[in-house]
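For reference, the structure is listed below as structure tokens.
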């Protein structure tokens, strides 16, 4: 009897499998419906809407639908769908953070559509190209810059006898000195930091062209990474001097800024709208170039976050790529509006000289912050973010706790190196 | 699955079997199987088929869809993986501290609320049970705000001068664990209490009366009557709580995201990270999930043995 039952079960399973594979022959029909997934309604989604409007003159038949999803949700949906080999319900265009791009491109090699024909890669900021390309083909249409700056409270600095001029071309040692003086004068800590998010260290090491990985994008580069060691040391110096206010999530981060609890915010330019959200602080902020690492080759420019658009290899891909190419990757009215209405900094270089970038911002005491950001964008050292940014970051976040508790730096780094070699394979 | 075999036809079969009886037996068996077959089929498809697939997956490794068979390499890696071992350690810490505390608390509350003379019984029962109907994510987010550096818990402690500076409930490795334990205790105590309450209603009042006449104190009654009478339920709740704790995910994900470092990360969250946060390695993630299966089996056996239950 058991045999019969098993046979029955087996047959029904077969039927089920047959049913599910039957619908595989998707019509390769061309479609005019283009779906886009992106996160952040005030920045990415808004930019996409501007692009959609701008493209209407070009091709009014294309029906673009923009769907807002949280970044984590997009990652999950992409991973579950692409790994099961189905593209049903997938968008034509999706926004992916540069740090994660390689992980998707390499994990799902045939699922993305190369956009070489739609854009000219030389026209974009150079540092955007390695993360967005794979095996010699360009897959991402570079979007926002993520160029970093040091946002400072000028009123706090003045109480300690400094001004934003002192931060031009400064290195972290000097910045920490100022931070200490400001704390003495005002009682305000220097920065706020989530112990699990090492974005600060990422920005620091990119100023000297270093990353968690070697240039091949696979081999962990921790134990002999002088920039990373220096960043660890500076981080500990800030913690030991009680200059760091801990936070546990985004809203606490923003609250610390808007409540005036801290004197500086080292971050990507996309933080600008959140800082400006507290209108009462207008005129009390300035943006300085990102500080250098002391004692080594390092420039006053770095990057945090930043993302690019990707086209999935599904019907409608040619039209989707053409749409991205003619808006984000060409001289179009889009770029000007992106600056004026969103306040973002793009990576399409011919547009970086536009008038919109010359605007003075009263909130930042009349500083032309966009023009500054655009100038810094060109100096960002190019690194290959590779595959394992977040694996290594979790390892480092754990090891840095030990270092802060007093363990030896080299021991901690060696440990992190061997852990990373074990995990990242 | 034995049920159809034990149906009537077996008894019929003991007698010399004439033809009509045999066809009746066949018919009966078919009816029996048709009852269970649908459920069995669905369980097979939605439980056992994925489990077998996951087992096969756990012998593969690679990023995303580029999977290849690696034999037992994943399992070797599992036992050398310090992150996995940390998550097991964290989970076991939650387990051995939180489950006993919660079960004792639930027992205590249920005995108190079972008191015949207590007024507002319905209100108290509802109030203690209410956390169980809240969504895991929603209450986690609320807890995160309660325990924030400038949250209401710290404000209260500061105002009554219990602490000199705010406790870093979410960003200190020790306090973050405490926060998680407090959160899950709040969420699940009422749930377990309901089981004890309903079991207590079935305990014969006359046993207590007899004990009282013999001069047993309230504490003696609790340990000598209540606990032995509730033993099967205590076993049940401790096993379900253990399994629940081993699968802990939502709270940690939303309150601390596993931080600081890996100080509060659970095994389930590590599986999530391996699949979605890092470059996806679904093969190794499946291996880790089989690690949980293994742990659940071990802990359940231990509890059955410890409770000395024969059935």
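Summary table below
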{"item": "Lone qualifier among A:162, A:156, A:99, A:151 - being free of Cβ contacts under 8 Å to residues at least 24 places away in the same chain and within 30 Å of residue A:189 (Cβ to Cβ)", "result": "A:162"}
{"item": "Count of region B:68-85 residues which are crowded, with 20+ Cβ neighbours inside 10 Å and either touching a residue at least 12 places away in the same chain (Cβ under 8 Å) or more than 10 Å from chain A (Cβ to nearest Cβ) (or both)", "result": "3"}
{"item": "Residue in region B:96-110 that is away from chain A (no Cβ under 14 Å), in contact (Cβ under 8 Å) with a residue 12 or more places away in the chain, touching a helix residue (DSSP H, G or I) at 6+ places or on another chain (Cβ under 8 Å) and outside any helix (DSSP H, G or I) present", "result": "no"}
{"item": "Members of region A:224-254 found to be more than 21 Å from residue A:292 (Cα to Cα) and buried (at least 17 other Cβ atoms within 10 Å of the Cβ), listed by number", "result": "A:245, A:246, A:247, A:248, A:249, A:252, A:253, A:254"}
{"item": "Helices (runs of 4 or more DSSP H) completely within region B:200-311 that count 3 or more residues being touching a residue at least 60 places away in the same chain (Cβ under 8 Å) and in contact with a helix residue (DSSP H, G or I) (Cβ under 9 Å, 6 or more places away or on another chain)", "result": "B:227-246, B:250-255, B:267-272, B:282-307"}
{"item": "Matching residues, region A:55-87, being without any contact (Cβ under 8 Å) to a residue 60 or more places away in the chain, out of contact with any strand residue (DSSP E or B) (no Cβ under 8 Å at 6 or more places or on another chain) and closer than 16 Å to residue A:34 by Cβ", "result": "A:56, A:60, A:61"}
{"item": "Candidate set from region B:36-67 (those that are surrounded by 16 or more Cβ atoms within 10 Å (Cβ to Cβ) and more than 10 Å from every other protein chain (Cβ to nearest Cβ)); member that is nearest to residue A:386 (Cα to Cα)", "result": "B:60"}
{"item": "Members of region A:368-385 found to be touching a strand residue (DSSP E or B) at 6+ places or on another chain (Cβ under 6 Å) and under 17 Å from residue A:165 (Cα atoms), listed by number", "result": "A:369, A:373, A:376"}
{"item": "Residue in region A:108-120 that is nearest to residue B:279 (Cα to Cα), counting only those that are more than 14 Å from chain B (Cβ to nearest Cβ) and out of contact with any helix residue (DSSP H, G or I) (no Cβ under 6 Å at 6 or more places or on another chain)", "result": "A:114"}
{"item": "Residues (within 14 Å of chain B (Cβ to nearest Cβ) and out of contact with any helix residue (DSSP H, G or I) (no Cβ under 8 Å at 6 or more places or on another chain)) located in region A:68-101", "result": "A:70, A:71, A:73, A:74, A:77, A:80, A:81, A:84, A:85, A:86"}
{"item": "Hits in region B:112-149 (condition: part of a loop (DSSP other than H, G, I, E, B) and buried (at least 17 other Cβ atoms within 10 Å of the Cβ))", "result": "B:114, B:147, B:148, B:149"}
{"item": "Test: residue A:348 is without any contact (Cβ under 8 Å) to a residue 24 or more places away in the chain and buried (at least 21 other Cβ atoms within 10 Å of the Cβ)", "result": "no"}
{"item": "Check on residue A:58, over 27 Å from residue A:375 (Cα atoms) and at pLDDT below 85", "result": "yes"}
{"item": "Filtered residue count, region A:133-165, keeping only those that are in a helix (DSSP H, G or I) and at pLDDT 90 or above", "result": "6"}
{"item": "Identity of the residue in region B:240-274, within 8 Å of another protein chain (Cβ to nearest Cβ) and within 23 Å of residue A:103 (Cβ to Cβ), that ends up surrounded by the most Cβ atoms within 10 Å (Cβ to Cβ)", "result": "B:258"}
{"item": "Qualifying residue in region A:260-279 (condition: surrounded by fewer than 22 Cβ atoms within 10 Å (Cβ to Cβ), out of contact with any helix residue (DSSP H, G or I) (no Cβ under 9 Å at 6 or more places or on another chain), modelled with pLDDT of 90 or more and not assigned by TED's automatic domain parsing to the domain that holds residue A:42)", "result": "no"}
{"item": "Conditions (1) more than 22 Å from residue B:263 (Cβ to Cβ); (2) at pLDDT 85 or above; (3) surrounded by fewer than 20 Cβ atoms within 10 Å (Cβ to Cβ); (4) more than 14 Å from every other protein chain (Cβ to nearest Cβ); number of the one not met by residue A:421", "result": "(4)"}
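Here's the yes/no breakdown for (1) within 12 Å of chain A (Cβ to nearest Cβ); (2) under 30 Å from residue B:203 (Cα atoms); (3) touching a helix residue (DSSP H, G or I) at 6+ places or on another chain (Cβ under 7 Å):
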residue: B:125; (1), (2), (3): no, yes, yes
residue: B:137; (1), (2), (3): no, no, yes
residue: B:150; (1), (2), (3): yes, no, no
residue: B:158; (1), (2), (3): no, no, no
residue: B:161; (1), (2), (3): no, no, no
residue: B:169; (1), (2), (3): yes, no, yes
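The values are calculated or read from the model by the stated rules, or taken from the named source; none is laboratory data. On a predicted model such as this, the values are computed, not experimentally measured, just so you know. Using ideal geometry, Cβ is built from the backbone for each residue, glycine included, and neighbour counts are taken over all protein chains shown.
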